[in-house]
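**Student:** Right, I'll just put the structure down here and ask away after.
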Amino acid sequence: MKKNEEYIVEIVDNGFGGEGIAKIAGQTIFVPGSIKGEKVKIKILKVTTKIAYAKVLEILEKSEHRRLTDCATDSQCGGCSLRHIDYDYTLQMKKNSVENTLKKALGREILVDEIIPMDEPFYYRNKLQYPLGVSENGELTMGVFAKRSHKIIPTKHCQIQNELAQRMVNDIFAFAKEHKISGYDEKSQTGILRHIVVRVGVKTNEAMVTLVVNDFKLPKEKELVDFLTSRYPEMKTIVKNLNDKNTNVILGTKNKVIFGDGYITDILLGKKFKISNLSFYQVNPVQTEKLYAKAIEYAALTGNETIFDLYCGIGTIGICAADKAKQLFGMETIPEAISDAKENARLNHIKNSEFFVGDVEKTLPAFVQERNVNPDVVFVDPPRKGCDKTALETLLKMVPKRIVYVSCNPATLGRDLKMLEEKYALKKLAICEMFPWTRTCRMHSDASIERKILKNKMVKNRNALKGISFLIKEVVKFMKKIETRRQCYRI
């Protein structure tokens, strides 16, 4: 097999990112835009020792699950890479990916018991962030980056972005063009506007605009503020964010509030949360409520429990559960997040909570020893790398009744579950879709896990069953190196 060769192949499966998978002489070929069961004509784009990549030239036999795409740019931006597939079938694809990943980690069949879809999988993102730059003809441009590049695809309408946010960003762009405010040129590192970020509190209808600038001296700043505040009663605050570094990171560390008080609020499960432009907050609030409700359901709180919320961020999960518990302890590495968590607890009159700054793997063992406190339920919401081994060892020593694990990577979930199986056994698994149409398909899973009954005469029935619930909120695309090395796709 060589680059530029053409073949007719049958798609035998879909991979973790939704791309089709074909086989030629035993070699795996990844074919984006194809669906399992289709016969397609392909052109080879790249060949390695183990795998190859190809593009579709012609679909000879279509899958019954193929739909007409309703987006003009999805093939370019790569964001909604599953838009050509029926929504219900995309859920099945993601379910299969989770089951296969956990099967590989645990060495046995793992079945998802429940999938929680999004009823209306459109316009769900409460945070829009568009880059601005200079087009090939020297004009200001705004939109989304083309996949695997920093070329800006002009975008005025997106079916997964909040509609109010889209109107705002389009008006800001028109204002910038009219007043000749320059976009950022990555090559020369010149120009003023780098990004426009809009966050919307879906329940409160409050909006925040962050103007990411290469220089705090923004031309026509007062006029822009007057323009936006007079046009949008929802506008609660406008912030300038300085990012003058040569970096892919969108936001810098320096903010200047030019209108309002620098934050908006939103409501999750009846609790109000303050959100700044630097706060982490789930971008699909409709599904986040389902995620947290199911997490709390599986925690089975009675009001007498001490709960730990590890990797707690701004405290959303713990605060939503606090009314049903006796005591809440939250832990997070980022000081600003803990400050927000304390403020959110105060805002919601939560008086049975304490939040601490620290690395979970270092702080948790010391905290348990110093405070002589043992949790009944632990919520765990780690980053994509999963839980640190020390943190898991501490959990195994504490042996809480239940652990509710919110995972953003089924591979690391499987790895961590494998370690926890020393004392726990998986009973139930459910997934909640968080990012419809995208390959970065965030999903929430509830995995009810009970502690194994020890067959020791000294223990007998004195050991009550312990439970643990796992939730996957995000299924992320594996990096290419991991895909190649570990062959993460199930054929």
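**Student:** Give region 52-104 a look and list any residue that's hydrophobic (A, V, I, L, M, F, W, C) and either assigned to a helix (DSSP H, G or I) or closer than 29 Å to Gln129 by Cα (or both), or say none. Break it down stepwise before answering.
**Tutor:** Step one: filter region 52-104 for residues hydrophobic (A, V, I, L, M, F, W, C), giving 52, 54, 56-57, 59-60, 68, 71-72, 77, 80, 82, 85, 91, 93, 98, 102.
Once the filter is applied, which keeps residues that are hydrophobic (A, V, I, L, M, F, W, C) and either assigned to a helix (DSSP H, G or I) or closer than 29 Å to Gln129 by Cα (or both), region 52-104 yields Leu68, Cys71, Ala72, Cys77, Cys80, Leu82, Ile85, Leu91, Met93, Val98, Leu102.
**Student:** Moving on. Could you please let me know if Lys43 is over 25 Å from Pro410 (Cα atoms), touching a strand residue (DSSP E or B) at 6+ places or on another chain (Cβ under 7 Å) and at pLDDT below 95? Outline the logic, then answer.
**Tutor:** On the way: over 25 Å from Pro410 (Cα atoms): yes; touching a strand residue (DSSP E or B) at 6+ places or on another chain (Cβ under 7 Å): yes; at pLDDT below 95: no.
No.
**Student:** Ok, one more. Scan region 369-382 for residues that are among the hydrophobic types (A, V, I, L, M, F, W, C) and either exposed (fewer than 15 other Cβ atoms within 10 Å of the Cβ) or modelled with pLDDT under 90 (or both) and jot them down.
**Tutor:** Val373
**Student:** Can you pull out every residue in region 354-368 that is surrounded by fewer than 21 Cβ atoms within 10 Å (Cβ to Cβ) and touching a helix residue (DSSP H, G or I) at 6+ places or on another chain (Cβ under 6 Å)?
**Tutor:** Within region 354-368, Val357, Glu361, Pro365 meet the criteria.
**Student:** Out of all the residues in region 53-82, which are over 23 Å from Glu6 (Cβ atoms) and aliphatic (A, V, I, L, M)?
**Tutor:** If the condition is that a residue be over 23 Å from Glu6 (Cβ atoms) and aliphatic (A, V, I, L, M), then Leu68, Ala72, Leu82 are the ones that fit.
**Student:** Is one or more of the residues making up region 17-36 part of a loop (DSSP other than H, G, I, E, B), of a type in the set (Gly, Ala, Ser), surrounded by 15 or more Cβ atoms within 10 Å (Cβ to Cβ) and in contact with a helix residue (DSSP H, G or I) (Cβ under 8 Å, 6 or more places away or on another chain)?
**Tutor:** The answer is yes; a qualifying residue exists.
**Student:** Give me the pairs: first residue in region 313-325 and of a type in the set (Ser, Thr, Tyr), second residue surrounded by fewer than 23 Cβ atoms within 10 Å (Cβ to Cβ) and modelled with pLDDT of 95 or more, beta-carbon distance under 8 Å, and six or more apart or on different chains, which are they?
**Tutor:** What qualifies is Thr316/Leu268; Thr316/Lys271.
**Student:** Restricting attention to region 52-71, which residues are under 26 Å from the mean Cα position of the chain (by Cα), surrounded by 13 or more Cβ atoms within 10 Å (Cβ to Cβ) and of a type outside the set (Lys, Arg)?
**Tutor:** His65, Thr69, Cys71
**Student:** What strands (runs of 3 or more DSSP E) completely inside region 250-353 contain at least 3 residues that are surrounded by fewer than 23 Cβ atoms within 10 Å (Cβ to Cβ) and on the phi < 0 side of the Ramachandran plot?
**Tutor:** Qualifying strands (runs of 3 or more DSSP E): 254-259, 264-268, 271-275.
**Student:** Please determine whether any residue of region 1-23 is touching a Gly at 6+ places or on another chain (Cβ under 9 Å), at pLDDT below 95 and among the charged types (D, E, K, R).
**Tutor:** yes
**Student:** Residues being farther than 19 Å from Ala322 by Cβ and among the hydrophobic types (A, V, I, L, M, F, W, C): count how many of those fall in region 251-274.
**Tutor:** Residues of region 251-274 that are farther than 19 Å from Ala322 by Cβ, as a first pass: 251-264.
With among the hydrophobic types (A, V, I, L, M, F, W, C) added as a condition, the list becomes 251, 257-259, 264.
The total comes to 5.
**Student:** Only one of these conditions is not met by Met208: (1) of a type outside the set (Ser, Thr, Tyr); (2) out of contact with any helix residue (DSSP H, G or I) (no Cβ under 9 Å at 6 or more places or on another chain); (3) in a loop (DSSP other than H, G, I, E, B). Which number is it?
**Tutor:** Here Met208 meets the rest and fails (3).
**Student:** Is there a residue in region 200-216 that is hydrophobic (A, V, I, L, M, F, W, C) and more than 24 Å from the chain's Cα centre (by Cα)?
**Tutor:** yes
**Student:** Just wondering, is there one or more residues in region 251-264 that are in contact with a Lys or Arg (Cβ under 6 Å, 6 or more places away or on another chain) and either aromatic (Phe, Trp, Tyr) or free of Cβ contacts under 8 Å to residues at least 24 places away in the same chain (or both)?
**Tutor:** Within region 251-264 (the criterion being in contact with a Lys or Arg (Cβ under 6 Å, 6 or more places away or on another chain) and either aromatic (Phe, Trp, Tyr) or free of Cβ contacts under 8 Å to residues at least 24 places away in the same chain (or both)), the answer is yes, since at least one residue qualifies.
**Student:** Within the bounds of region 184-193, is there any residue that is under 18 Å from Tyr130 (Cβ atoms), of a type in the set (S, T, N, Q) and touching a residue at least 24 places away in the same chain (Cβ under 8 Å)? Give the steps one after another, and end with the answer.
**Tutor:** Here is the first cut: in region 184-193, the ones under 18 Å from Tyr130 (Cβ atoms) are 184-186, 191-193.
When the remaining residues are screened for being of a type in the set (S, T, N, Q), the result is none.
Scanning region 184-193, I find no residue that is under 18 Å from Tyr130 (Cβ atoms), of a type in the set (S, T, N, Q) and touching a residue at least 24 places away in the same chain (Cβ under 8 Å), so the answer is no.
**Student:** List, please: which pairs have Cβ atoms under 9 Å, are six or more places apart or on different chains, and start with a residue in region 3-15 that is part of a strand (DSSP E or B) and end with one that is surrounded by fewer than 15 Cβ atoms within 10 Å (Cβ to Cβ) and of a type outside the set (D, E, K, R)?
**Tutor:** Note: pairs meeting the criteria are Glu6/Leu57; Tyr7/Met1; Ile8/Leu60; Asp13/Ile491.
**Student:** Could you grab the pairs with beta carbons closer than 8 Å, sequence gap of 6+ or different chains, first residue in region 39-57 and free of Cβ contacts under 8 Å to residues at least 60 places away in the same chain and assigned by TED's automatic domain parsing to the domain that holds Glu5, second one of a type in the set (S, T, N, Q) and part of a strand (DSSP E or B)?
**Tutor:** That search, which allows pairs on different chains as well, returns Ala52/Gln27; Ala52/Thr28.
**Student:** Where in region 383-491 are there strands (runs of 3 or more DSSP E), lying wholly inside it, with at least 3 residues that are at pLDDT 85 or above?
**Tutor:** Per the criteria, 402-407, 424-433.
**Student:** For region 383-400, name all the residues that are buried (at least 18 other Cβ atoms within 10 Å of the Cβ), in contact with a helix residue (DSSP H, G or I) (Cβ under 9 Å, 6 or more places away or on another chain) and under 19 Å from Glu305 (Cβ atoms).
**Tutor:** Matches in region 383-400: Thr394, Leu395.
**Student:** Can you name every residue in region 108-143 that is among the hydrophobic types (A, V, I, L, M, F, W, C), surrounded by 13 or more Cβ atoms within 10 Å (Cβ to Cβ) and farther than 21 Å from Asn205 by Cα?
**Tutor:** Ile110, Val112, Ile115, Ile116, Leu132, Val134, Leu140, Met142
**Student:** Evaluate the following for Asn246: is it of a type outside the set (Phe, Trp, Tyr), at pLDDT below 95 and either within 25 Å of Phe175 (Cβ to Cβ) or surrounded by fewer than 17 Cβ atoms within 10 Å (Cβ to Cβ) (or both)?
**Tutor:** In short, yes.
**Student:** Scanning for something assigned to a loop (DSSP other than H, G, I, E, B) and more than 21 Å from Thr73 (Cα to Cα), does region 156-179 turn up at least one residue?
**Tutor:** The answer is yes, given that some residue of region 156-179 is assigned to a loop (DSSP other than H, G, I, E, B) and more than 21 Å from Thr73 (Cα to Cα).
The values are calculated or read from the model by the stated rules, or taken from the named source; none is laboratory data. Here the structure is a predicted model, which is why all the values come from computation and not from measurement. Note: ideal-geometry Cβ built from the backbone for every residue, glycine included; neighbour counts use all protein chains shown.
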